[in-house]
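Just so you know, all these numbers are worked out from the coordinates, no wet-lab data involved. Since this is a predicted model, take the numbers as computed values, not measurements. Cβ sites come from the backbone with ideal geometry, for glycine too, and all protein chains shown count toward neighbours.
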Amino acid sequence: MKIGLLGHGVVGKGVSRICDASEILQIKRILVKDDWELTDPRCTQNVQEILDDPEIDVVVECMGGIEPARSFLMKALQNGKHIVTSNKKMLANCSKELFAEAKKNNVSIHYEATCGGGIPWMASLERILRIDPIDSFRGIFNGTTNYILSRMDEESLEFEPLLKEAQKLGYAEQNPSDDIDGMDVRYKVALSCMKAFKVMPVLEEIPTYGIRYIQKKDLDYAKSQGMTCKLVGRAVNDGKCIQASVMPVFLKKEDVLANVSMNFNAIESDSPTLGKAVFTGQGAGSLPTAHAVVQDIYDIAYNEAMDTVDAAIAPVVNNKEKTFYLRTVNLSLYEAVCKEKIDENTCLTKKITLDELHALIGKNEDKDLFVAEVQE
Ligand code: HSE
């Protein structure tokens with residue numbers, strides 16, 4: 001099977017390394033951006049050498065970003081090539097048009113590596129769905145922030161140097177804002193909904209909070225309550241709407257997610273006959289992510305069917321009452337929802353819905369606050 005690889009960064013290099021050790025997967029051409037990347041005779045800076053090559057059966061995209069990845073993949077589908085992508089941002093934003101094009105051309109789109117790095121999360125969902133509908137899932141979907149949070153918590157280190165370490169280790173996105181502001185998890189939650197519920201939430205409606213403004217004292221407070229902080233993505237299928245959110249959660253130490261550290265991810269599904277099942281493994285990094293990409297290529301080689309997704313779009317509603325931890329420069333703006341003041345900048349809220357809190361934070365234009373859900 002002949003492959004055209006788009007992108008030779010952290011993940012792309014892992015893909016070429018694994019494929020080069022395979023007897024049946026042959027990378028014919030590799031698209032690179034800069035002259036200094038022309039290190040292998042297969043490298044090219046001309047994408048047409050891949051898209052127009054009738055010998056190439058599969059185009060594998062590890063470029064990241066929406067454009068030009070989207071246009072290249074649309075062209076690959078139109079030329080009758082299967083595609084494999086690790087690009088969650090592009091797929092979460094453009095899934096409808098890409099899946100429609102794939103259907104028209106009778107080819108498939110594989111995206112295991114978009115969520116959970118090396119964990120076979122999408123494949124596991126497909127297996128569960130043969131028997132059960134998925135009621136809900138929740139999990140740690142981002143390796144960068146989990147690496148930062150677990151080292152901040154266990155070694156009392158500061159945020160900034162840990163972010164730099166995560167970048168050096170190849171966990172973070174080119175622009176790490178997507179990691180630390182929760183957007184990367186938003187895309188992964190949306191794609192997991194598409195697979196698990198066959199319904200795609202409106203991306204902008206998913207309340208999304210990250211860890212950019214977390215401080216050591218927030219973790220100290222969680223610790224004093226027998227808890228730890230994790231960035232959690234979650235979704236519940238409510239039939240007509242989806243409850244979905246991305247936010248830091250103070251989890252009880254005995255929660256299965258609380259004990260997942262470093263660049264590991266862990267995702268828990270809940271369905272009627274299987275009940276709760278947890279999938280864990282390295283959620284970021286070159287070889288684990290490349291492993292998921294190459295598994296997809298093998299699926300194509302072995303003719304493993306992928307469902308053609310025609311996901312309806314669903315609104316997002318978060319109407320369950322919960323307690324939240326808030327730290328902000330102007331706590332008086334939250335007087336109406338504050339139940340217990342921890343210090344002059346920090347409080348625990350009374351029980352309110354995330355929709356109510358999200359609206360209040362939006363109204364206050366309070367962009368620098370740190371907010372976390374407190375597990376019951
Ligand atoms: N930046 C992502 C993470 C890479 O840290 O999880 C894997 O999707």
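Candidates in region 147-161 are the residues that are of a type outside the set (Ser, Thr, Tyr) and either surrounded by 20 or more Cβ atoms within 10 Å (Cβ to Cβ) or free of Cβ contacts under 8 Å to residues at least 24 places away in the same chain (or both); of these, the one that is farthest from the ligand (Cβ to nearest atom) is Glu155. For Leu98, the stated conditions hold: it is among the hydrophobic types (A, V, I, L, M, F, W, C), more than 11 Å from the ligand (Cβ to nearest atom) and touching a strand residue (DSSP E or B) at 6+ places or on another chain (Cβ under 8 Å).
Residues are listed down the side, and each one gets a yes or a no for (1) touching a Lys or Arg at 6+ places or on another chain (Cβ under 7 Å); (2) under 27 Å from Phe99 (Cβ atoms); (3) touching a residue at least 40 places away in the same chain (Cβ under 8 Å); (4) not aliphatic (A, V, I, L, M):
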{"residue": "Ala21", "(1), (2), (3), (4)": "no, no, no, no"}
{"residue": "Val32", "(1), (2), (3), (4)": "no, no, no, no"}
{"residue": "Trp36", "(1), (2), (3), (4)": "no, no, no, yes"}
{"residue": "Pro41", "(1), (2), (3), (4)": "no, no, no, yes"}
{"residue": "Asp57", "(1), (2), (3), (4)": "yes, yes, yes, yes"}
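Among the residues making up region 123-146, those that are more than 10 Å from the ligand (Cβ to nearest atom) and either crowded, with 24+ Cβ neighbours inside 10 Å or part of a strand (DSSP E or B) (or both) are Ser136, Phe137, Arg138, Gly139.
When Gly285, Gly362 are checked against the criterion of being at positive phi and small (Gly, Ala, Ser), Gly285 stands alone in meeting it. Asp368 meets all of the listed conditions (1) on the phi < 0 side of the Ramachandran plot; (2) in contact (Cβ under 8 Å) with a residue 40 or more places away in the chain; (3) surrounded by 18 or more Cβ atoms within 10 Å (Cβ to Cβ) but one, namely (3). Report yes if Gly226 is away from the ligand (no atom under 16 Å from the Cβ) and in contact with a Lys or Arg (Cβ under 7 Å, 6 or more places away or on another chain), otherwise no. In short, yes.
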